[in-house]
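Structure first, commentary second.
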Amino acid sequence: MSRQAESSALAAAPPGAAPARWTWSVLAAALAAGALLPQVVTSTLAITLLTQAVIGGILATAVGLLIRQAGLVSFGHAAFFGLAGYFIALPARHGLWPAEVSIVLAVAAPTLLAFLLGLVIVRIPGVAFSMLTLAIGQAFHEFALRAREITGGEDGFAISLPRALYGVPTEIFQRPQSMFVIAWVALVVILFGLHLLTRTRFGRVTAAIRENEERARFLGYQTVVPRALVFALSALIGAVAGTLFALYNAFVSPEMLHWSLSGSALIMAIVGGTKLLWGPALGGVVFFFFKDLAGDLTEHWPAMIGLTLIVVTVALPLGIGGALVRLLQRLRPAGGRTHG
Amino acid sequence: MSELLGFRAVEAGYGEARVLHGIDLAVGENERVAILGRNGVGKSTVVNTFLGVARLRAGEVRFRGAPQRSLQHFTAARAGVAVVLQGRHIIPNLTVRENLLLGAAVRRPGAWNLEGVFELFPVLRERADTPGTALSGGQQQMLAIGRALMANPALLVLDEPSEGLAPVIVDELAVVLRRLADGGTGLLLIEQNFGLVRRVAERYYALSKGQIVDQGRLADLSLAKLKEHVAV
Amino acid sequence: MLLQTLNGLVYGGLLYILAVGLVLIFGLRRVVNFAHGSLFMVGAYVGYAIATHFGNFWLGLVVSVVVLAVLGVFLDAVVFRPLQREDPIVTVLVTFGILLVLEDAVRTIWGKDFLSLKPPAALAGTVQILGESFPTYRLFVIALAAAVAIGLSLWLRMSRIGLFVRASSVDRTTTAILGVNTDRVSVLVVAAAGVSGRVSAPVLALSPCMGRLILIDSFIVVVVGGLGSFSGAFFAALIIGQLHNFGVVYLPWAATMIPFLLMVGILIWRPSGFAGQHV
Amino acid sequence: MAETFAIEGGGLTRRYGGFTALDAVDLAVPDGEIRGLIGPNGAGKSTLIDVLSGRADDWQGSVRLRGADISRLSAQQRRRSGLARSFQRTNVFPELAVREQLEVASWRAETPNVDEVLHEMGLAAIAHMRAADVSYGDRRRLDLALALIGRPTVLLLDEPAAGLSMKESMALAELLRDLASRWKVTVLLVEHDMDVVFSICHRITVLHLGRVLAEGTPAEIRSIPEVVTAYLGSAVE
Amino acid sequence: QETIKIGVPTALSGTYADLGNQAKRAVEFAVNEVNAKGGIGGRKLEVKVLDTEAKPDVARKQAEKLALEGYKILTGTIASGEGLAMAPMLERWDALYVVTINKADALTGANCVPRVFRVNHPDEQDAAIVRPWLGTRKETKWAIVAADIAWGRNSGKSFAAAAKANGKELVGEFYPAFGTNDFAPYIQQVKNSGAQGVWIALAGRDAINFATQAKQFGLLDSTFVAGVSFVTDNTVKTLGDTSKGIWGIINYSSTLDTPANKRFVEAWKKAYNGDEPTNFEGETYIGMQVIIQAIERAKSAKPLDVARAMSGGTFDTLYGKSQIRAADHQMVQPNYFGYVGAQGGKLRPIITTTFAADQATPPPSGECKMPKL
Ligand SMILES: Nc1ncnc2c1ncn2[C@@H]1O[C@H](COP(=O)(O)OP(=O)(O)OP(=O)(O)O)[C@@H](O)[C@H]1O
Ligand SMILES: Nc1ncnc2c1ncn2[C@@H]1O[C@H](COP(=O)(O)OP(=O)(O)OP(=O)(O)O)[C@@H](O)[C@H]1O
Ligand SMILES: [Mg+2]
Ligand SMILES: [Mg+2]
């Protein structure tokens, strides 16, 4: 019960309010910080890890959005992440169309697919939904494994990208220093967009549907399409992460579609705190670095992560983000306000 | 007369919020006590407190005179206190019969058994093998009451038991509760239907904003006071 | 044909025995227990260690049952109970943490190599069925699964404790208010869940990730059967076992997809699975 | 048919397996009327409301709203045509603030009247609280408030006074009477609180074992012996 | 003096953890050996192992990390996919990768890059010896059970070709999914097919599950069973008696009769209390031999210099003298066939047929267009 009271402290900003001026300053500050970071941090290793962490953060944001806005827990978001990768890689491998087109498709196709799937599966509640997404994700994974002639099977393959994309040298997407800025901007823009979205009617209505689908219907709302849209939006964000990942690594493999990746994304989202918009992204970054550090320290990193997961979730059930917010509120009882 | 349930300076609430501010009350064997008060004053929280659902922040809760260190959900039942919860709380995937049997999970010796409950609410017998939640609202209320009776409690706590019951059934309920009390069962009744309260209870506590603002014999309750507490 | 059907029963039986534990824990704690696979794995390893050390398969079985019961009780007390009021999804994370820790522990104790355990001498041979030989141990697995299925459903339907288990699986708080010590009930259940996977060792190779590898199949069984439903899980396991076998024979290219497709189909047709009324 | 009714059900039947909860019930409520629907527990009152509001999935008969056949419309379409309902088991949005959920409800309505409803239902003081944190009685009022948003033309109310204190029940009765005249809303009221029913209903339909047992003015109903013994008991004293 | 840093991105967790562990042991053994002698030119070797979970994208990340931390000489990776993911990045990282376990032909074929060298046997080398070996067998009806992954499919294909060339009849081909738990339906079908011999291309857990279950069904006793990557030291250790009499390709065995190998096995046994090196340990050790000798020859540990020394060079390995072809960076080495039997009181793969390097190593496929270093 106590959690409910706490979580209400984290609940969304007042309804309908226009974004306050401070949110714009936060946006500007976040963008500037991202642009400056590569200037300050000179270690390529650190930047490349940061880049990958931020991409992980975007994927976690996708999963977190679905939990937060629709109450749906996806075990299959790797599907959208990986599909984006294959949408870039396969046309290049088989010489179908220019990479510029592929990149657009890589984001658009998983989104559309998710919307159509969503129309069918968002009706299915609870754990069954998770298992369905898992099944769908695994179906793609399985396909990528088996359609060896098309996809290269479990070994995956390197993506041959042209020298320039949209007139920008491809190099930009593969140098950690520049890719970090791109990924960071993407993350900030996504978070900000979602922040605005939760204040719209769409955001509020989907929250209501999440809370009580039946009553929403009896208030005159069609409840399937909005949830399918949230699912699609979440897939879109996952696909953006996948696109960035594929461009950066210039390599795809069925692992990008595997449920263990979906699982990691879910872990990141929850560790970060799904009540907060930026919680999952934070969780993504923290988890990435923690895993990296643990792997560096000991061969027993899985146990270390396992123990940490247990301790963190028992101690901070609202996630790192939730804990931070509470800390801030305690320090500044008057002004503790959070991003919706 | 020994005390079955006692509150001493109880403060309790949910999360950080405090709802009860220093409640003292006692229900003894054979006693028929009512808690009166408007919506939201904390009547159900009194129940939730001794059930360990709301958090006890200060003070003391006693069952049969024994102070309770930690209030588990099941402590009350084991002390012979059965509760009809507000909102019924019928267990969905169990049949009517199973819901009733569950009420006998901890059971004191006594007269109430399946037969007795079926006698009291014949419709439950008719529908004994349907899922409890397939009953109509009022039928579920009967089930909730029957389930509490199955324990043969020393103290029966009812949180708005008349809700959703047809008037004739409320009449019957009044008779049953009187009969119970005559048989030695203590009663703690939280009720908005003053007709029922009047027929059942002999003593009352009036609650307002989490505090007991008045108490006494029901017979002595003046109309003015009644208006004030229950806002008739 | 008959033999293939029997094989389907064996795999279905294994899945069922494993799924029972998941169903129990899901029912009682509303937790999708990722650690379940690793309990299964620990059971197999402990059984292996005892069986190879003392040369007695049955002793291994008994000891691993005890060890798992203790482990189950421990996990319930330390993890599931404190978290029972949290969002189930948070608890899932914890069970995943347990999975990682247990896998690593087993890897550290028994090494990374695969191990294999032979069936006990009495069950090591084959029996002739329709002129073909069929491993005795496999028949034993089928019998055991049937015994578990019957015993369990009788226990849950008929006994008082069974009633408590079913009740607290839908509404813990109310059940507790009625006087049932739900913690004690769940200790029992988690212990039973831990035991469930032990039998498979002579069929499957022992490796620290063996639990993970069979977990998804058993999740499918649980979901298709209708969460929290034992009879549903029983039928789902039977069907998936058969589909697995005949899929391999008649639709080899799609065999691995069949359980998933079945799940998608069933859930779209009946969102709460075969037997579930509520999710 | 000459007269058009605000809400009208014909031959409404609903079965659960072998059990007939609603057996060819005809019901017609004229515009602006407050119609009481009473009957013993399990008579089929909630079932009738479910059928009228589009909650039941498997039923026979026809439902008309101001003469238009809405039998095939979904719940949300019915609500958008002006048919609103409340629930016997409270059915609100637990994690949303009281005001917030009324606002969400208002976006689908032509006449958003959040403040009015907050005020009328006495919820203004707790407008900022999450529904999960308010008392049972408040939650019941919120449930009713959600139905009142947008000034629906027909209101189906399932025991709105249950769980309310006596004073509040009477205030609710006043409010309903008031709304019926001010908003011209037609009300079908299921209620076991006879004080409320007898004080505001123009006519009353008595349901028993899934059939209509009687229909008439409050005075008529009170004088039917079967109704008194089967249902009213001491409530007519 | 600065140490020479060797990076080992390998599987320490997951299904391939047992292989990763062997790779790690072999590298560490070689490094200790060198360091005990004072290092290479006075420079000690230093190893860092990171877990790749046998996933290509993780492998890429961990290899990058190793390279950026200065561990630019990489070896010991397990899955072919990992190798393929790392290969295109080596240039950017200024690193070098010596393949000791990946079997995909592409690494030294279509996807060859100047900084990848392979010392173990790719699929095509295994395929090359199946045909002559099969000619010596009397069984005429064969079935194939191979993992449904690139490696298994390749092996199946080349076995089918070999069978055809030898006039054998193929009565069944089965490709169970990787990670199959229950092989009973396949075993049943093999039994029904009337095969006298079965060719198995299953590895690790799959191999063990298959063998255990096949034994229970009596298949191992009634049918001649042979395979690739099936008769490994590890499978034998796990399966014990069950594996007795199974035939297969042996890429490396601790029983190899070369002076270098005898020395190696002795030292290894001393280091790892009596254990004999497994095939993967032997092969990874060979990789280390090549690395060490190349560094010595280049008098530099810079990846580019080392790579130049490797390409086309001939090295002392456990097999004897072996050359790394300049054309595709594949090492030319012998390959073996044998069966599991008791030797020296222990169950182990015993070599019966040796195929000399020229016979065992097909010429460069021509798919590799090796750019200049
Ligand atoms: N689960 C809860 N979490 C937080 N606050 C709660 C919770 N339940 C009740 N409250 C608050 O506690 C106060 C008292 O509630 P309680 O349910 O005890 O009232 P009540 O007297 O029983 O009212 P009613 O007659 O409506 O049932 C209310 O103000 C309510 O907002
Ligand atoms: N899902 C169901 N399955 C089986 N029977 C049901 C189901 N829902 C309701 N019933 C039965 O249908 C009958 C009518 O129920 P309904 O809820 O309409 O009664 P009601 O008149 O609203 O009663 P109350 O005044 O007690 O709320 C009852 O006998 C009830 O048991
Ligand atoms: Mg209350
Ligand atoms: Mg009703």
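What follows draws every value from the coordinates through simple rules; no lab data is involved. Just so it is clear, the structure is predicted and the values come from calculations on it, not from any experiment. When we count neighbours, we look across all protein chains shown, and the Cβ atoms used for this are built from the backbone with ideal geometry, even at glycine.
By the count of other C-beta atoms within 10 Å, a proxy for reagent exposure, E:Lys346, E:Lys72 are ordered fewest to most as E:Lys346, E:Lys72. The phi torsions of the range C:80-88, fed into the Karplus equation with coefficients 6.51, -1.76 and 1.60 and a -60° offset, translate into couplings of 5, 5, x, 9, 5, 8, 7, 3, x Hz, rounded to whole numbers, with Gly and Pro shown as x. Here the range A:87-153 and the range E:26-44 have alpha carbon centers that stand 48 Å from each other.
Taking a ≥ b ≥ c as the square roots of the eigenvalues of the Cα gyration tensor, the range A:98-203 is classed as oblate, since a/c reaches at least 1.5 and a/b does not exceed b/c. Partner shielding of B:134-143 amounts to 5, given as the average count of beta-carbon atoms from other chains within 10 Å of each residue beta-carbon. Rounded to the nearest Hz, the phi-derived 3J(HN,Hα) couplings of the range C:60-69 under the Karplus curve 6.51 cos²θ - 1.76 cosθ + 1.60 (θ = phi - 60°) are x, 4, 5, 4, 5, 4, 5, 4, 5, 4, where x marks glycine and proline. In terms of packing, defined here as the mean over residues of other Cβ atoms within 10 angstrom, the peptides D:65-77, A:243-255 line up highest first as A:243-255, D:65-77. Summing Cβ point charges (Lys, Arg +1; Asp, Glu -1) relative to the Cα centre of the range A:3-258 gives a dipole of roughly 720 debye. What is the set of long-range amide H partners of B:Phe74 at a cut-off below 5 Å, with H atoms built 1.01 Å from backbone N? Excluding prolines and chain starts, which carry no amide H, there are no hits. Taking packing as the residue-averaged number of other Cβ atoms within 10 angstrom, the listed peptides E:212-221, E:56-65 run from highest to lowest as E:56-65, E:212-221.
The mean number of Cβ atoms from other chains found within 10 Å of a Cβ in peptide B:44-55 is 2, as a whole number. In terms of surrounding Cβ atoms within a 10 Å radius of their Cβ, D:Thr13, A:Thr274 rank from fewest to most as D:Thr13, A:Thr274. Absence of a disulfide-compatible partner, taken as no other cysteine beta carbon within less than 4.7 angstrom, is noted in the protein assembly as shown for C:Cys209, D:Cys201.
Determine the shielding of peptide E:9-22 by partner chains: average, over its residues, the number of Cβ atoms on other chains within 10 angstrom of each Cβ.
Values: counts 0, 0, 1, 8, 13, 8, 7, 2, 11, 7, 2, 2, 5, 2.
Counting other chains' Cβ atoms within 10 Å and averaging over E:9-22 gives 5.
Going by the alpha-carbon gyration tensor, a ≥ b ≥ c the square roots of its eigenvalues, is chain C rounded (a/c under 1.5) or, if a/c is not under 1.5, prolate (a/b greater than b/c) versus oblate? In terms of gyration-tensor shape, oblate. Sparse packing (at most 14 other Cβ atoms within 10 Å of the Cβ) combined with a DSSP loop state is found for none of the GluC sites (Glu not before Pro) in the range D:68-104.
Compute for the range B:8-64: radius of gyration divided by Kirkwood radius, i.e. Rg/Rh, restricted to C-alpha atoms, rounded to two decimals.
Using only Cα positions, Rg/Rh for the range B:8-64 is 0.96.
For E:Cys368, D:Cys201, the sequence from fewest to most other C-beta atoms within 10 Å is E:Cys368, D:Cys201. Under the criterion of Cα pairs below 8 Å and six or more residues apart, the relative contact order for chain C equals 35 percent. Counting only alpha carbon atoms, the long axis of helix E:56-68 and the longest principal axis of chain E meet at about 20°.
Please list C:138-145, B:216-223 highest first by mean number of surrounding beta-carbon atoms within 10 Å per residue. Don't skip to the answer; put the middle values down first.
Values: C:138-145: 19.6, B:216-223: 12.0.
Most protected by this proxy first, the peptides run C:138-145, B:216-223.
Once C-alpha pairs closer than 8 Å and six or more residues apart are averaged by separation and normalised to the residue number of chain D, the relative contact order reads 26 percent. Once the cut-off is 65 Å, how many percent of the Cα-Cα pairs in the protein assembly as shown end up in the long-distance tail? The share of Cα pairs beyond 65 Å in the protein assembly as shown comes to 21 percent. Rounded to the nearest 0.05, what FRET efficiency do A:Arg21 and E:Lys37 give with R0 = 60 Å and r taken as the Cβ-Cβ distance? Could you check? The pair A:Arg21/E:Lys37 has a calculated efficiency of 0.30. Classify the range A:3-258 as rounded, prolate or oblate from the Cα gyration tensor: take a ≥ b ≥ c as the square roots of its eigenvalues, call it rounded if a/c is under 1.5, otherwise prolate when a/b beats b/c and oblate if not. Oblate, because a/c is 1.5 or more while a/b does not exceed b/c.
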